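S.K.: Have a look at this one.
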Amino acid sequence: MTNKKITIKDGQTNNEIDLPVLDSILGPDVVDIRSLEKNLGYLSHDPGFMATSSCESKITFIDGNEGKLWYRGYPIEELAENSSFIETAYLLLNDKLPNINELNNFSNDISKSMNVDSSVLNMIKVFDKNSHPMAIMTACLTYLSAKYHSDIDIQNKDYRYNSTINLIAAVPIMAAWILNFIHNNDFGQPNQELSLAENFINMSFPNISEEQKKLSSKAMDTIFLLHADHEQNASTSTVRLSGSSETSPYAAIAAGISTLWGPTHGGANEAVINMLEEIKNSDKDVEHYINMAKDKENPFRLMGFGHRIYKNYDPRAKIIQKIAHEYLKKLDETNPNKPLFDIAMKLEKYALEDDYFVSRKLYPNVDFYSGIVLKAIGVPQSMYTVIFALARTVGWVAHWNEMIEDKNFRIGRPRQLYTGKSKTNYIKIEDR
């Protein structure tokens, strides 16, 4: 912190206070308003917390205007090109890239935790086949919070590490089990010699060719890496707020999964496929839908274009775009998904060349391409957000650990602007 400050004067009383300005390594500096209520009697008002720094973090940096996403200072492009999901998970948790021994030990710890208690399978079987997979995944995490309830000790580093490893290892296995459950397939068991992405593909699609497994595993590992963290979004903030009560980390992650389930957060890539299906089944061409999207009076919106944070090209989209095109090249004309992907590529061409989209920076985002890749792999749409949750578990536990180690750690307690009634006297029912 420097000596920078902002002076606020109360126009009614002429009282004034100095609020310290906290330095940010990157991005806007932050005004510390914690003394505002004590000294002037005011609270700040920020619906949606869009202009509020809720915590201090060293994990992820985003510059939406410049299209930057960095994990612990490393650009996402470099990590996607050179790293793996497991190595990136280590980076997010430990603030450094591992050496070979550290990575091997970390990977081994995760592999040993892949053998999720089979009692979870019995819990999954309780659900109806038509249940949404995100509801089942939330239940799985709640089940684990019950199973590991007796030894909660979040201040104990060993407990936090073991819980972190267990969560990173268990969620992909449970995701594969949920996919097999809704497909009426055998559940299968993980192979400790394989990575998390390889295990998910091999358990979920045991009958595809080895070449396809290899290609799918590589694509899935990159998808996991790209979705591992994204700063203080709704689900991460939920995990932090839930975890601030010192609840079980499994319960805190369950809360994050519930938040991610929302269509404006984790469900966007599912909406992309729904849009493509709508266009495919219509008697209208792609240009008709493009014109609908340009019409302000028309409620139709192109899903998977633009981003609330990125006012430039989403850096993750450029990476997964390449993966998507690699997949599409391998589809022959008889593939039932080919017409869907042809429509997607036409939409992409408009978005990258049409002045309407370029001037408004409505570029294809990561959800547009991830939906296409997951569709190509064979993942059912209802599982898309589960894949997102699987990857984001790493970021959630990284933020959970960082929060607990923060010297300012305390239970979260947002305030409000009350606009209800003033004191109202109770009237007996017979007099109303």
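The values are calculated or read from the model by the stated rules, or taken from the named source; none is laboratory data. Please read these numbers as outputs of a predicted model, since none were measured by experiment. Positions of Cβ are generated from backbone atoms using ideal geometry, with glycine treated the same way; all protein chains shown enter the neighbour counts.
S.K.: For L352, are the conditions met, namely being out of contact with any Lys or Arg (no Cβ under 8 Å at 6 or more places or on another chain) and not assigned by TED's automatic domain parsing to the domain that holds D128?
M.R.: Working: out of contact with any Lys or Arg (no Cβ under 8 Å at 6 or more places or on another chain): yes; not assigned by TED's automatic domain parsing to the domain that holds D128: no.
No, not satisfied.
S.K.: Right, another one. With respect to K329, determine if the residue is basic (K, R), farther than 30 Å from S131 by Cα, surrounded by fewer than 16 Cβ atoms within 10 Å (Cβ to Cβ) and modelled with pLDDT under 90. If you could, list the steps in order and put the result at the bottom.
M.R.: Details: basic (K, R): yes; farther than 30 Å from S131 by Cα: yes; surrounded by fewer than 16 Cβ atoms within 10 Å (Cβ to Cβ): yes; modelled with pLDDT under 90: yes.
Spelling it out, K329 is indeed basic (K, R), farther than 30 Å from S131 by Cα, surrounded by fewer than 16 Cβ atoms within 10 Å (Cβ to Cβ) and modelled with pLDDT under 90.
S.K.: I'd like to check something: does segment 361-377 contain any residue that is over 22 Å from the mean Cα position of the chain (by Cα) and either surrounded by 14 or more Cβ atoms within 10 Å (Cβ to Cβ) or not assigned by TED's automatic domain parsing to the domain that holds W261 (or both)?
M.R.: Taking segment 361-377 and keeping what is over 22 Å from the mean Cα position of the chain (by Cα), we get 361.
Okay, now just the ones that are also either surrounded by 14 or more Cβ atoms within 10 Å (Cβ to Cβ) or not assigned by TED's automatic domain parsing to the domain that holds W261 (or both), so 361.
Within segment 361-377 (the criterion being over 22 Å from the mean Cα position of the chain (by Cα) and either surrounded by 14 or more Cβ atoms within 10 Å (Cβ to Cβ) or not assigned by TED's automatic domain parsing to the domain that holds W261 (or both)), the answer is yes, since at least one residue qualifies.
S.K.: Taking segment 45-72 as the search range and keeping residues that are out of contact with any helix residue (DSSP H, G or I) (no Cβ under 8 Å at 6 or more places or on another chain), of a type outside the set (A, V, I, L, M) and without any contact (Cβ under 8 Å) to a residue 60 or more places away in the chain, which one is farthest from Q416 (Cα to Cα)? Quick ask: steps written out before the conclusion?
M.R.: Our first condition is that a residue be out of contact with any helix residue (DSSP H, G or I) (no Cβ under 8 Å at 6 or more places or on another chain); within segment 45-72, this holds for 45-48, 50-53, 56, 61-66.
Restricting the remaining residues to those that are of a type outside the set (A, V, I, L, M) gives 45-48, 52-53, 56, 61, 63-66.
Subset that is without any contact (Cβ under 8 Å) to a residue 60 or more places away in the chain: 46-48, 52-53, 63.
On the way: D46: 9, P47: 9, G48: 12, T52: 14, S53: 16, D63: 29 Å.
Going through the qualifying residues, I end up with D63.
S.K.: Another question, then. Looking at the structure I just gave you, is L103 without any contact (Cβ under 8 Å) to a residue 60 or more places away in the chain, farther than 22 Å from V239 by Cβ and surrounded by 15 or more Cβ atoms within 10 Å (Cβ to Cβ)? Can you show your working first?
M.R.: Working: without any contact (Cβ under 8 Å) to a residue 60 or more places away in the chain: yes; farther than 22 Å from V239 by Cβ: yes; surrounded by 15 or more Cβ atoms within 10 Å (Cβ to Cβ): yes.
It is true that L103 is without any contact (Cβ under 8 Å) to a residue 60 or more places away in the chain, farther than 22 Å from V239 by Cβ and surrounded by 15 or more Cβ atoms within 10 Å (Cβ to Cβ).
Per-residue answers, yes or no, for (1) touching a Gly at 6+ places or on another chain (Cβ under 9 Å); (2) over 16 Å from S84 (Cα atoms):
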{"residue": "H183", "(1), (2)": "no, yes"}
{"residue": "G188", "(1), (2)": "no, yes"}
{"residue": "L196", "(1), (2)": "no, no"}
{"residue": "F200", "(1), (2)": "no, no"}
{"residue": "M203", "(1), (2)": "yes, yes"}
{"residue": "S209", "(1), (2)": "no, yes"}
{"residue": "K214", "(1), (2)": "no, no"}
{"residue": "S217", "(1), (2)": "no, no"}
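S.K.: Another question, then. Exactly one of (1) over 30 Å from D314 (Cα atoms); (2) out of contact with any helix residue (DSSP H, G or I) (no Cβ under 6 Å at 6 or more places or on another chain) is unmet by Y42. Its number?
M.R.: All conditions pass for Y42, except number (2).
S.K.: Conditions: (1) among the polar types (S, T, N, Q); (2) at pLDDT below 95; (3) buried (at least 19 other Cβ atoms within 10 Å of the Cβ). Q212 meets all but one. Number of the miss?
M.R.: (3)
S.K.: Of the numbered conditions (1) surrounded by 16 or more Cβ atoms within 10 Å (Cβ to Cβ); (2) part of a loop (DSSP other than H, G, I, E, B), H149 fails exactly one; give the number of that condition.
M.R.: (1)
S.K.: How do the helices (runs of 4 or more DSSP H) wholly within segment 13-95 filter down when requiring 1 or more residues that are within 24 Å of G395 (Cα to Cα): which remain? Explain how you work it out, then say what you get.
M.R.: Details: elements: 36-40, 76-82, 85-94.
It comes to 76-82, 85-94.
S.K.: Let me ask something else about it. Check G67, G48 and return the single one that is at pLDDT below 90, out of contact with any strand residue (DSSP E or B) (no Cβ under 7 Å at 6 or more places or on another chain) and surrounded by 16 or more Cβ atoms within 10 Å (Cβ to Cβ).
M.R.: Values: G48 fails: surrounded by 16 or more Cβ atoms within 10 Å (Cβ to Cβ).
Step by step, each of G67, G48 is checked, and only G67 is at pLDDT below 90, out of contact with any strand residue (DSSP E or B) (no Cβ under 7 Å at 6 or more places or on another chain) and surrounded by 16 or more Cβ atoms within 10 Å (Cβ to Cβ).
S.K.: Considering only residues that are in contact with a strand residue (DSSP E or B) (Cβ under 9 Å, 6 or more places away or on another chain) and among the aromatic types (F, W, Y), look in segment 345-372 and name the one that is modelled with the lowest pLDDT.
M.R.: Looking at the filtered set, the residue picked out is Y363.
S.K.: Residues that are under 15 Å from V171 (Cα atoms): which helices (runs of 4 or more DSSP H) entirely in segment 205-266 hold 1 or more of them?
M.R.: 210-226, 249-260
S.K.: Please enumerate the residues belonging to segment 332-344 that are at pLDDT below 85 and in a helix (DSSP H, G or I). Explain how you work it out, then say what you get.
M.R.: Step one: of segment 332-344, the residues at pLDDT below 85 are 332-341.
Selection gives K338, P339, L340, F341.
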